[in-house]
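The values are calculated or read from the model by the stated rules, or taken from the named source; none is laboratory data. The structure presented is a predicted model; accordingly, all values stated were derived computationally and were not measured. Here the Cβ positions follow ideal geometry from the backbone for every residue, glycine too, while neighbour counts run over all protein chains shown.
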Amino acid sequence: MEIFLSSPVTVSVPSRAARWFALIKEAILGSKQDFTAISIDRAIVLLAVPMVLEMAMESLFGIVDIFFVAHLGADSTAVVGITEGMLVLVMAVAFGLSMGTTAVVARRVGEHDQNGAAEAAVQSILIGLGFAIVIFAIAFPFAPSLLRWMGAGADILRVGSLYARIMLSSSGIILLLFLINAVFRGAGDAAIAMRVLWLANCINLFLDPCLIRGLGPFPRLGVTGAAVSTSIGRSIGIVFQLYMLSKGSAHLNILRKHIRLKLKLMWNIFEVAGIGVLQLLIATASWLAMVRIVQSFGSQATAGYTVAIRIVIFSTLPSWGLGSAAATLVGQNLGAKQPERAEQSVWRASFFNAVFLAVVSLGFLIFAPQLVGVFSSDPQVVRYGASCLRIISCCYVLWAYGEVIVQAFNGAGDTWTPTWINFFVYWIVQLPLAFVLSIKFQIGPNGAYYAILVAEVLLSLIGIYIFKKGKWKLKMV
């Protein structure tokens, strides 16, 4: 008898880098995983990566428009800035409605209630459609009057009336785009939401120079071309969203039977979302008031503050992604009757956020003048902006927890808690403190920056304290 001894079989284990690459690839392409069952860290990465890229694309919209419009002159640039100031209100409504939508859809998905998730998605879209119609009815006839009310002069009105009419009238499209993407995020299909904005942005990137400058067969529309290209890009994004909804996914499948009006469910979503709108309006209005305080110290102080805040917003995009991932995981895990896992998801996302923002904070403390100097060569603007960056970045590590926890409350459907926190922190503490420090104590713009630092630290501490009490786990949506 012959005995054949086989050589030992070696199984290759993928390297850590290869595993990370595969995970990122899965996040971008879209995952069919059950986020209430896989490891928490894996779930956070799969949700956060496409959400960060989604917001990066949204930020690119404004950057591309202002890049091409700036070459048309001060009046064209001014009309874009004034119109964006009015669009802030629409964005607040869009984000607020998105909070309610994400919370309800995520809860139904966590409960494995496919019909409930589909019905919630449809009712949310109908709410958004209603708002879009109202916005169009107000903005289309009154856009030039709104520009005039915002202080636009005759030259700006001549150049930008049509731009404002198109942008404000079609701002309902912005609302629907965010709202439907909130449906995808709540369902765990964050990669689809990301691809929607990638598509819309690519179209905008192509059309912007063509319609603004009249390249090739395209008409030369000037600043109006920016409004047309952006509206076309976002509209095609919505068409793609509706196609993906009709196609269905592993997490969400909308059928013809779901497309009907359900007033009780619609009110339930609107009740949660309406408080979210109030929450964002409180924060937005306080930001405008802070600009007014800083503006009292001159245009250079305002310019430095504006540049610094833009850098802060861009640098915290990953934080927004981690917070949104935590919100989705909270909603889904509460729906799956796993409140402890929901809480663990928030702490893990907060930890990742703190590590990231610690690195960013260190970079700001060391390289603040160089970063502001990219946007301005004025020494005073650089000085004011660098000071703002350095002061605000001192709270980054603690704020990392506050940012995620606030979104976790919203993901649980508890939108009242962060609303009250925002009101207390921004209106009772930050604004009076900014006025006292900067004007009464004559510290100057730095007084306003220190007030922001105190407010964000306080927001984080209050948020952590209330979150640990755990009442959000009992919230029903």
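Observations
- Condition broken by residue 249, with the remaining ones in (1) part of a helix (DSSP H, G or I); (2) touching a residue at least 60 places away in the same chain (Cβ under 8 Å) satisfied: (1)
- Here residue 323 fulfils each of the conditions (1) in contact with a Phe, Trp or Tyr (Cβ under 9 Å, 6 or more places away or on another chain); (2) surrounded by 21 or more Cβ atoms within 10 Å (Cβ to Cβ) apart from (1).
- Filter pass, residue 169 being crowded, with 16+ Cβ neighbours inside 10 Å and modelled with pLDDT of 90 or more: yes
- Of all residues in the stretch 213-246, those being within 21 Å of residue 80 (Cα to Cα) and not small (Gly, Ala, Ser) number 10.
- Filter pass, residue 132 being buried (at least 24 other Cβ atoms within 10 Å of the Cβ) and at pLDDT 90 or above: no
- Filter pass, residue 195 being in contact with a Ser or Thr (Cβ under 8 Å, 6 or more places away or on another chain), within 30 Å of residue 112 (Cα to Cα) and of a type in the set (D, E, K, R): no
- Note on the stretch 433-450: residues that are touching a residue at least 60 places away in the same chain (Cβ under 8 Å) and either among the aromatic types (Phe, Trp, Tyr) or part of a helix (DSSP H, G or I) (or both) total 7.
- Among the candidates 254, 269, 293, residue that is in a helix (DSSP H, G or I) and outside the structural domain of residue 394 (by TED's automatic domain parsing): 269
- For residue 309, the test of being part of a helix (DSSP H, G or I) and either surrounded by fewer than 17 Cβ atoms within 10 Å (Cβ to Cβ) or over 18 Å from the mean Cα position of the chain (by Cα) (or both) is failed.
- For the stretch 141-161, filtered to residues that are closer than 13 Å to residue 75 by Cα and among the hydrophobic types (A, V, I, L, M, F, W, C), the residue that is surrounded by the fewest Cβ atoms within 10 Å (Cβ to Cβ) is 154.
- Test: residue in the stretch 466-473 that is at pLDDT 95 or above, aliphatic (A, V, I, L, M) and more than 27 Å from residue 301 (Cβ to Cβ): yes
- Comparison of 413, 402 shows that the only residue that is part of a loop (DSSP other than H, G, I, E, B) and within 25 Å of the chain's Cα centre (by Cα) is 413.
- Residue match in the stretch 376-391 (condition: touching a Phe, Trp or Tyr at 6+ places or on another chain (Cβ under 9 Å), assigned to a helix (DSSP H, G or I), small (Gly, Ala, Ser) and surrounded by 24 or more Cβ atoms within 10 Å (Cβ to Cβ)): yes
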